Amino acid sequence: MTSPRLLSAERVSLRYSGAARPVFAEVDLDVGAGEVVTILGPSGAGKSSLLRVLGGLQPSTSGSVTIRGTPMHGAHPRVAFAFQSPGLLPWLTLERNVAFGLDFKRQPRLERSELAARVDAAITEVGLSHARHLRPTALSGGMAQRAALARCLARQPEALLLDEPFGALDEVTRGEMQDLLLKVVADFGTAVVLVTHDIDEALLLSDRIVLLGGSPAAPIRDWRIALSHPRHDLVAELGAIRVDILSAMRGLRSRSREPDYVI
Ligand code: ADP
Ligand code: MG
């Protein structure tokens with residue numbers, strides 16, 4: 001069950017300084033607790049920019065982003081980010097990488113024992129207890145990405161913002177990470193905004209898929225996917241949605257070739 005509006009964008013627009021036109025304009029997006037919303041769109045559409053605005057890493061030019069109804073000003077301690085590159089610090093063990101930043105100013109103050117317990121729980125959740133004392137060079141790509149997810153989880157995030165997080169992984173490892181993400185959502189009711197250009201990944205994971213496109217970009221279409229997990233065997237149901245998404249993406253591409261096309 002999802003609850004409405006954990007993380008909410010209302011009419012947000014972003015124009016980078018010096019740019020001729022906004023990257024995106026008047027975007028509304030609501031994500032509920034326990035909901036996975038995927039943003040799909042062509043390269044350069046503004047997906048990463050929108051995600052940074054949702055996470056308070058990039059101020060919008062206009063509009064507002066709220067978490068549980070409270071306006072976000074800058075990064076929020078309960079909103080965590082993960083990117084394609086795990087971004088682990090090479091000189092720290094996995095355990096210390098997961099703990100890294102938990103005692104920073106923006107984070108709520110934690111007792112040492114609470115901090116250790118959180119790190120421990122996060123490492124256990126992603127199945128890396130056996131590797132906690134290893135340094136990043138000793139981790140496989142999949143393990144490093146698990147460690148990055150554990151670092152997010154140690155913050156006990158209410159919202160998880162993921163920018164093509166599994167794009168660099170082989171297919172089997174990617175499948176394992178996708179399952180792990182769904183487990184995290186089921187265990188903690190985390191709201192997830194996932195940016196990917198992989199339609200199949202979007203179909204397997206999402207409660208809702210939003211297609212971002214145009215110039216300036218805006219949500220063009222969305223698809224609600226009310227199918228239970230795991231979805232690997234739901235070939236016919238997912239196939240039909242896949243065809244629809246692909247044709248909407250092709251339509252976007254042909255429209256964007258018109259020189260003065262503006263939404
Ligand atoms: P996507 O993630 O969909 O590929 P991005 O959000 O990375 O798209 O980029 C959208 C547009 O915004 C691109 O034209 C890109 O060049 C521009 N852009 C992205 N980041 C910045 C930045 N920090 N400053 C100026 N322009 C940027
Ligand atoms: Mg991007």
Hey, Glu26 surrounded by fewer than 22 Cβ atoms within 10 Å (Cβ to Cβ), touching a residue at least 60 places away in the same chain (Cβ under 8 Å) and out of contact with any Phe, Trp or Tyr (no Cβ under 6 Å at 6 or more places or on another chain) or not: yes
Within region 152-238, strands (runs of 3 or more DSSP E) holding 2 or more residues that are within 16 Å of ligand 1 (Cβ to nearest atom) and surrounded by 21 or more Cβ atoms within 10 Å (Cβ to Cβ): 159-163, 191-195, 208-213
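Can you confirm whether Glu35 is modelled with pLDDT of 95 or more, over 23 Å from Leu246 (Cβ atoms), of a type in the set (Asp, Glu) and open to solvent by less than 20 Å² (accessible area, probe 1.4 Å)?
Spelling it out, Glu35 is indeed modelled with pLDDT of 95 or more, over 23 Å from Leu246 (Cβ atoms), of a type in the set (Asp, Glu) and open to solvent by less than 20 Å² (accessible area, probe 1.4 Å).
If we only count strands (runs of 3 or more DSSP E) wholly inside region 1-107, which ones have 1 or more residues that are of a type in the set (Asp, Glu)? Let's see the steps before the verdict.
Details: elements: 3-14, 24-33, 36-40, 62-67, 79-83.
Output list reads 3-14, 24-33.
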Any hit, region 87-102, residues being within 19 Å of Ala191 (Cα to Cα), in contact (Cβ under 8 Å) with a residue 12 or more places away in the chain and away from ligand 1 (no atom under 16 Å from the Cβ): no
Filtered residues of region 169-206 (kept if in contact with a His (Cβ under 9 Å, 6 or more places away or on another chain) and among the acidic types (Asp, Glu)): Asp179
Every pair of residues 6+ apart whose Cβ atoms lie under 9 Å, when the first sits in region 157-172 and is within 12 Å of ligand 2 (Cβ to nearest atom) while the second is open to solvent by 50 Å² or more (accessible area, probe 1.4 Å) and in a strand (DSSP E or B): Leu162/Phe83; Asp163/Phe83; Glu164/Phe83; Pro165/Phe83
Looking only at region 49-78, and only at residues there that are away from ligand 2 (no atom under 16 Å from the Cβ) and of a type in the set (D, E, K, R), the one that is most open to solvent (accessible area, probe 1.4 Å): Arg68
Given (1) farther than 27 Å from Ser48 by Cβ; (2) part of a loop (DSSP other than H, G, I, E, B); (3) touching a Leu at 6+ places or on another chain (Cβ under 7 Å); (4) open to solvent by less than 50 Å² (accessible area, probe 1.4 Å), number of the condition Leu115 does not satisfy: (2)
Test: Ala144 is within 20 Å of Asn97 (Cα to Cα), among the hydrophobic types (A, V, I, L, M, F, W, C) and open to solvent by less than 20 Å² (accessible area, probe 1.4 Å): yes
Qualifying residue in region 125-133 (condition: closer than 15 Å to Leu92 by Cβ and part of a helix (DSSP H, G or I)): yes
Pairs with Cβ under 7 Å, 6+ apart, first in region 30-50 and free of Cβ contacts under 8 Å to residues at least 40 places away in the same chain and of a type outside the set (Phe, Trp, Tyr), second more than 6 Å from ligand 1 (Cβ to nearest atom) and assigned to a strand (DSSP E or B): Asp30/Pro4; Asp30/Arg5; Asp30/Ser8; Ser49/Leu14; Ser49/Phe24
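The values are calculated or read from the model by the stated rules, or taken from the named source; none is laboratory data. All figures in this text were calculated on a predicted structure; none of them were measured in a lab. Ideal geometry is used to build each Cβ from the backbone, glycine not excepted, and the neighbour counts take in all protein chains shown. Areas reflect the complete protein model, heavy atoms only, side chains present, ligands, DNA and RNA absent. Shrake-Rupley method; radii C 1.70, N 1.55, O 1.52, S 1.80 Å.
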